[in-house]
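Below: one structure, written as structure tokens.
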Amino acid sequence: MNILLTGGAGFIGSHLAERLLARGDRVVILDDLNDFYDPRVKENNLRQILASSGAAFVRGDILDAPLLDRIFAESRFDVVVHLAARAGVRPSIQDPLLYDRVNCCGTLLLLEAARKHAIKRMVFASSSSVYGNVKEIPFREDARIDRPISPYAATKAACELYGHNYHHLYGISFTALRFFTVYGPRQRPDMAIHKFTRLIAAGEPVPFFGDGSTRRDYTYIDDIIAGAVAAVDRDLGFEIINLGESATTTLAELVALIEKRLGKKARLDRRPMQPGDVLMTRADIAKARRLLGYCPATPLEHGILEFIRWRQDARNAAAIAAVQKPH
């Protein structure tokens, strides 16, 4: 297939690009390499991808409507996979207007470009954060999501609604994948497992919010990619689908697992809970199993081991060290 992949230089995007290219798809990556974290991380992700046949890269912003028009005019895409977004709950509280502009307006511009150029399928990266602090556990896709507790969550919920608009009005198939705390090799440096591993290894204090009882459904990157590829291959009309591990781990248990794998104790810097943080996430994945054949297979303990092995690999360690130095 011919696929436009926005955000393809990032953590999930780069893994997805590799998987699609390996099976023979043509992939055009659109990414602005912004400075939410060091752009050199994404540049490292891109190097291997761009060595593959069928890979193309456009550096640009999803808010650039003329650029989108040109990209869509030059290629007849079978599907748009839209991962590009401003990520992170806590930063969205500091700059909600930026998150609205990039996530909501950017998604609308892509939907408009798809409508204009008669592209009939889009796969969208949503988030478990849309559930907020709903009481019904595990989270089902038909739960109410009208009480988000962060601007980031609100933008993802809004994008799902825009997807339904364009499916209803213009027949664009729109599959929203609600990702649950994805981790693994290349994970963003601001995310908990990556940050905790780096700080514990270095003997530095680990910011530890709350009493350690908050729970997350941590999902290994290979499982997420398997679900995303299955979504790329299916025309489902309009669907919202959870992609998670369907198990939960407390913050305290997570730190203990990393300590065990590193063979080193953490120095905890205990802090109060932060605004926007949910108490628990856990995915009901019955729908993903039924529609996508989704079957997560990586327990957290094994996934953390794979992540630490990736960090300790000599080539990756050198790249990580390079981007942690001042420009």
Looking only at the stretch 218-257, how many residues end up being among the small types (G, A, S) and within 24 Å of I145 (Cα to Cα)? 7
When the stretch 160-183 is examined, which residues are found to be within 19 Å of F139 (Cα to Cα) and hydrophobic (A, V, I, L, M, F, W, C)? L161, A176, L177, F179, F180, V182
Of the residues in the stretch 197-224, those that are within 16 Å of the chain's Cα centre (by Cα) and crowded, with 20+ Cβ neighbours inside 10 Å number 8
How many residues are under 13 Å from V232 (Cα atoms) and of a type outside the set (V, I, T) if we restrict to the stretch 1-12? 4
Answer yes or no as to whether Q94 is over 27 Å from G237 (Cα atoms), at pLDDT 95 or above and of a type outside the set (A, V, I, L, M). yes
Residues located in the stretch 213-246, provided they are among the small types (G, A, S), touching a Lys or Arg at 6+ places or on another chain (Cβ under 9 Å) and under 30 Å from G203 (Cβ atoms): none
Could you please let me know if A118 is free of Cβ contacts under 8 Å to residues at least 40 places away in the same chain and among the small types (G, A, S)? yes
Contact list, first residue from the stretch 99-110 and closer than 14 Å to A157 by Cβ, second anywhere and not in a helix (DSSP H, G or I), beta-carbon distance below 6 Å, six or more apart or interchain, is Y99/R86; N103/A85; N103/R86
So, first residue touching a residue at least 12 places away in the same chain (Cβ under 8 Å) in the stretch 23-39, second residue of a type in the set (S, T, N, Q) and outside any loop (DSSP other than H, G, I, E, B), Cβ within less than 6 Å, six or more apart or across chains; the pairs are R26/N2; L30/T6
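For the stretch 1-84, which fully contained strands (runs of 3 or more DSSP E) count at least 2 residues that are under 15 Å from R186 (Cβ atoms) and not basic (K, R)?
So the answer is 26-31.
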If we scan the stretch 50-66, do we find a residue that is under 27 Å from N316 (Cβ atoms), in contact with a strand residue (DSSP E or B) (Cβ under 8 Å, 6 or more places away or on another chain), without any contact (Cβ under 8 Å) to a residue 24 or more places away in the chain and surrounded by fewer than 21 Cβ atoms within 10 Å (Cβ to Cβ)? yes
Requiring at least 3 residues that are modelled with pLDDT of 95 or more, the helices (runs of 4 or more DSSP H) wholly within the stretch 233-327 are 251-262, 286-292, 300-312
Somewhere in the stretch 68-90, is a residue basic (K, R), at pLDDT below 95 and either within 30 Å of I149 (Cβ to Cβ) or more than 15 Å from the chain's Cα centre (by Cα) (or both)? yes
The conditions are (1) within 24 Å of Q48 (Cβ to Cβ); (2) of a type in the set (G, A, S); (3) without any contact (Cβ under 8 Å) to a residue 40 or more places away in the chain, and A202 fails exactly one of them. Which is it? (1)
Inside the stretch 253-276, the number of residues satisfying the requirement of being buried (at least 17 other Cβ atoms within 10 Å of the Cβ) and closer than 22 Å to S126 by Cβ is 1
I193 being buried (at least 16 other Cβ atoms within 10 Å of the Cβ), of a type outside the set (D, E, K, R) and either under 23 Å from P39 (Cα atoms) or free of Cβ contacts under 8 Å to residues at least 60 places away in the same chain (or both): yes
Taking the stretch 129-179 and keeping residues buried (at least 20 other Cβ atoms within 10 Å of the Cβ), part of a strand (DSSP E or B) and either of a type in the set (G, A, S) or under 15 Å from the mean Cα position of the chain (by Cα) (or both) leaves T175, A176, L177, R178, F179
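The values are calculated or read from the model by the stated rules, or taken from the named source; none is laboratory data. Predicted model only: the values in this text are computed from it and were never measured. For neighbour counting, all protein chains shown are included, and Cβ atoms are generated from backbone atoms with ideal geometry for every residue, glycine included.
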